[in-house]
1. Just to verify a result, which residue in segment B:54-82, among those that are away from every other protein chain (no Cβ under 12 Å) and of a type in the set (V, I, T), is surrounded by the fewest Cβ atoms within 10 Å (Cβ to Cβ)?
2. Among A:L16, A:L41, A:L48, which is outside any helix (DSSP H, G or I), closer than 30 Å to B:M141 by Cβ and modelled with pLDDT of 85 or more?
3. Can you tell me how many residues in segment B:29-53 are surrounded by fewer than 19 Cβ atoms within 10 Å (Cβ to Cβ) and more than 9 Å from chain A (Cβ to nearest Cβ)?
4. Any residue that is under 23 Å from B:M147 (Cα atoms), buried (at least 17 other Cβ atoms within 10 Å of the Cβ) and in contact with an Asp or Glu (Cβ under 6 Å, 6 or more places away or on another chain) - is there at least one of those in segment A:45-62?
5. In segment B:10-67, what residues are among the aromatic types (F, W, Y) and either in a helix (DSSP H, G or I) or within 15 Å of the chain's Cα centre (by Cα) (or both)?
6. Please go through segment A:12-29 and give me each residue that is more than 11 Å from chain B (Cβ to nearest Cβ) and either aliphatic (A, V, I, L, M) or in contact (Cβ under 8 Å) with a residue 24 or more places away in the chain (or both), ordered by number.
Amino acid sequence: MTINDDILNRYLDGELGSDELNELERLLNSSPEIRKRMDALRSVDLALKNIEEESPSAGFTSSVMAKLTGKSSLSRSQNYLFVFVAGIMGILSLAVSGYFLVKTLNAAGESSSQAPDFSAYLNSFISTLINITSKIDLSMIGAFISLILIITGYFFFENLKHLKKYSR
Amino acid sequence: MRNLTDLEIIESVIKGNQSDFAILIDRYKNRAFSMLKRLLKNEMDAEEVLQDSFLKAYYALNSFKKEAKFSTWFYRIVYNTAITKISGKKRKIEMEMSSVEEHFDLVSSYDFNEAEKADTAGFIHILIRKLPVAHAAVLSMFYFSSMSCEEISEVMQISVSNVKVLLYRSRNSLRQLLEKNNLKEEIL
């Protein structure tokens with residue numbers, strides 16, 4: 001058997017078969033040169049086993065936990081802001097719709113002395129909306145929609161950035 | 001609380017007990033830091049990469065497969081983050097076969113002065129720091145983290161036989177250096 005470094009390493013890790021093991025042990029007893037190489041390899045193995053672990057700075061764990069907590073609370077505050085903005089938008093939309101609905105109901109009530117008819121109210125409301133969108137209020141609606149898109153886009157890209165950073 | 005298994009801690013964190021993640025950090029930070037210091041050859045970079053690795057692990061906990069071993073999964077994140085850092089710094093990266101085939105000769109490339117030889121504990125540290133990245137990674141995982149060659153092959157995404165080639169070659173280089181500098185007895 002040729003004794004190379006590979007065999008000595010496998011012997012060190014207890015990976016030799018019984019035939020190879022017996023042969024090597026016989027050679028280790030009879031050859032000072034092979035024994036010297038094996039002893040040197042054992043020294044390396046022992047020195048590596050004896051190396052002490054090193055530690056990061058003292059506040060490492062709390063620093064990582066602070067980052068995690070900070071990110072979570074940031075994302076919570078983003079969610080609160082999102083709910084707040086969506087709530088304001090919803091209230092504004094309801095207020096605008098309510099205003100035009102009341103206006104329509106009043107107009108329909110004045111033009112007819114008869115009992116109010118639901119379909120008449122609906123027709124009147126739709127025609128009022130068409131009038132609004134076809135006149136000066138169209139720019140207001142456009143600005144309103146743009147605002148919603150900008151705010152939604154901001155939150156979308158912020159979340160995307162956040163996900164990208166930690167999903168790699 | 002400290003006796004919980006990794007899996008129990010992970011389940012607790014997923015349920016919302018965020019602070020339990022600190023137990024995992026305390027459990028793995030020293031071993032991972034020891035490896036990173038040898039890979040990155042720099043304490044500040046090692047700490048930065050370690051912090052980034054823990055943050056990545058936390059945000060990916062939901063994707064961790066419970067039948068896998070957390071240590072192997074986590075070391076893969078650590079190793080990949082370190083390689084990204086090294087490639088970002090335009091250092092030489094050794095990948096699977098190229099690193100195995102690559103010839104490196106510690107014995108003739110470095111002469112130790114007497115002061116370095118006198119500090120035997122520091123001497124072995126210097127030797128490891130002179131090893132190429134993949135060799136240092138294998139040695140660190142094998143000796144500091146007591147990982148098997150199979151686990152290391154999973155972390156580094158290379159074959160088990162290549163892990164052994166890297167391990168044996170690293171040991172042999174260190175052995176030759178010790179012999180050259182007559183340090184075998186001193187280290188023992």
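The values are calculated or read from the model by the stated rules, or taken from the named source; none is laboratory data. In this text, all values refer to a predicted model and were calculated from it rather than measured experimentally. Positions of Cβ are backbone-derived with ideal geometry, glycine not excepted, and every protein chain shown enters the neighbour counts.
1. Of the residues in segment B:54-82, the ones away from every other protein chain (no Cβ under 12 Å) are B:64-76, B:78-79, B:82.
Narrowing further to those that are of a type in the set (V, I, T): B:72, B:78.
On the way: B:T72: 18, B:V78: 26.
Checked segment B:54-82; the qualifying residue surrounded by the fewest Cβ atoms within 10 Å (Cβ to Cβ) is B:T72.
2. On the way: A:L41 fails: outside any helix (DSSP H, G or I); A:L48 fails: outside any helix (DSSP H, G or I).
From the options A:L16, A:L41, A:L48, the qualifying one is A:L16.
3. Narrowing segment B:29-53 to residues surrounded by fewer than 19 Cβ atoms within 10 Å (Cβ to Cβ): B:30, B:41-45, B:48, B:51.
Filter once more, keeping what is more than 9 Å from chain A (Cβ to nearest Cβ): B:41-42, B:44-45, B:48.
Number of matching residues: 5.
4. Yes - at least one qualifying residue is present in segment A:45-62.
5. Step one: filter segment B:10-67 for residues among the aromatic types (F, W, Y), giving B:21, B:28, B:33, B:54, B:58-59, B:64.
Result: B:F21, B:Y28, B:F33, B:F54, B:Y58, B:Y59.
6. Going residue by residue through segment A:12-29, those that are more than 11 Å from chain B (Cβ to nearest Cβ) are A:14, A:16-29.
The answer is A:L16, A:L21, A:L24, A:L27, A:L28.
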